[in-house]
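The values are calculated or read from the model by the stated rules, or taken from the named source; none is laboratory data. Every value quoted in this text rests on a predicted model; they were computed, and no experiment measured them. Every residue, glycine as well, gets a Cβ built from its backbone with ideal geometry; the counts of neighbours run over all protein chains shown. Surface areas here come from the heavy atoms of the whole protein model, side chains and all, with no ligands, DNA or RNA. Shrake-Rupley method; radii C 1.70, N 1.55, O 1.52, S 1.80 Å.
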Amino acid sequence: MSEVELSAGTLEYTDSGGDGPVLVFLHGVAMDASVWEPVIADLRRDHRCVAPTLPLGAHRRPMRRDADLSLRGFGRLVAEFLERLGLDEVILVQNDHGAALALAGDNPRRVSALVVSSCEAFENYPPGLPGKNLRLAAMVPGGLFVAMPDELVNHWLRPLQTAPGVRHDLARYARNARRSQMLEVCGRLPSFGRPVLVMWAPEDRVQRPDHGRRLAALLPNARLAEIPDSYMLIMRDQPEAFAGAVREFVAGATGPQPAADTT
């Protein structure tokens, strides 16, 4: 595990190294970078895989008291993370949370392509933080993560149970989350013209299946891939299918492009 100091605080991250295309994996609420382990184990053979643990409740290092933990603040945090590590031409891979969408609307110069999978979008924000559904209450064995190994879920939840600063970070994010913030973020997405793969779970009950189709229609250079027999955490339910779809997409997004027609 490595660390990098940002203006918001210290982020931990994993980095597989290597010379292939750079994939930066972003997780969701009450999870850490380990949620991506099955997919990274596959993709690290021919990609450099970088996975930060964002301050969304499973992080071990509390953020500074003045850290911007709004939705767009998370987008800026990811942009600063890429800058501090000197990562260029990266493919962002997002699940559950909307940080990558927030960043994409700013047309970040270090991001060459985007993969979004069963994530918050449009009016489905926050999908169960304080308000309807109480998503955090579902993030225990027997709830949303019923198929996850107990030791993994316990690992994710331990910082919330033991670190007041971590609880404060998540509570601050949750208290300030507003639907209008996500609608603003999505309203800026048509300006992102780089390749996008929208990967969705048709059986998902948390992130609405129709939102995958709406995102694919909204983004000017996007295509939709639906992964059946999976739910929100597609990378855990169907890791081989997820990794295969990402590998195929990256090959197309980073390979030789057709020459411009000069006739």
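Quick notes
- Only residues that are open to solvent by less than 60 Å² (accessible area, probe 1.4 Å), modelled with pLDDT of 90 or more and either in contact with a Gly (Cβ under 6 Å, 6 or more places away or on another chain) or not β-branched (Val, Ile, Thr) (or both) were counted across segment 148-169, and they come to 6.
- Hits in segment 209-223 (condition: aliphatic (A, V, I, L, M) and surrounded by 15 or more Cβ atoms within 10 Å (Cβ to Cβ)): LEU215, ALA216, LEU218, LEU219, ALA222
- Options GLY28, GLY20: the member that is modelled with pLDDT under 95, in contact with a His (Cβ under 8 Å, 6 or more places away or on another chain) and more than 28 Å from ALA171 (Cβ to Cβ): GLY20
- Qualifying positions in segment 25-45 - within 21 Å of HIS97 (Cα to Cα) and either among the polar types (S, T, N, Q) or not in a helix (DSSP H, G or I) (or both): PHE25, LEU26, HIS27, GLY28, VAL29, ALA30, MET31, ASP32, SER34
- Residues of segment 1-51 classified as closer than 19 Å to LEU157 by Cβ, touching a residue at least 60 places away in the same chain (Cβ under 8 Å) and open to solvent by 10 Å² or more (accessible area, probe 1.4 Å), total: 2
- Filtering segment 218-237 to residues that are out of contact with any helix residue (DSSP H, G or I) (no Cβ under 8 Å at 6 or more places or on another chain) and at pLDDT 95 or above leaves only ASN221.
- Candidates are the residues of segment 170-208 that are of a type in the set (D, E, K, R) and outside any helix (DSSP H, G or I); the one that is surrounded by the fewest Cβ atoms within 10 Å (Cβ to Cβ) is ARG205.
- In segment 55-79, the residues that are over 15 Å from ALA163 (Cα atoms) and either out of contact with any Asp or Glu (no Cβ under 8 Å at 6 or more places or on another chain) or open to solvent by 20 Å² or more (accessible area, probe 1.4 Å) (or both): ASP66, ASP68, SER70, LEU71, ARG72, GLY73, PHE74, ARG76, VAL78, ALA79
- Filtered by the rule that a residue be closer than 27 Å to ALA58 by Cβ and either among the small types (Gly, Ala, Ser) or without any contact (Cβ under 8 Å) to a residue 24 or more places away in the chain (or both), segment 199-212 gives ALA201, PRO209, GLY212.
- Subset of segment 1-24 (residues that are of a type in the set (S, T, N, Q) and either more than 19 Å from the chain's Cα centre (by Cα) or not in a loop (DSSP other than H, G, I, E, B) (or both)): SER2, SER7, THR10, THR14
- Close pairs (9 angstrom Cβ cut-off, 6 or more residues apart or separate chains): of a type in the set (D, E, K, R) in segment 179-198, in a strand (DSSP E or B) anywhere: ARG179/ASN124; ARG194/VAL111; ARG194/SER112; ARG194/ALA113; ARG194/LEU114
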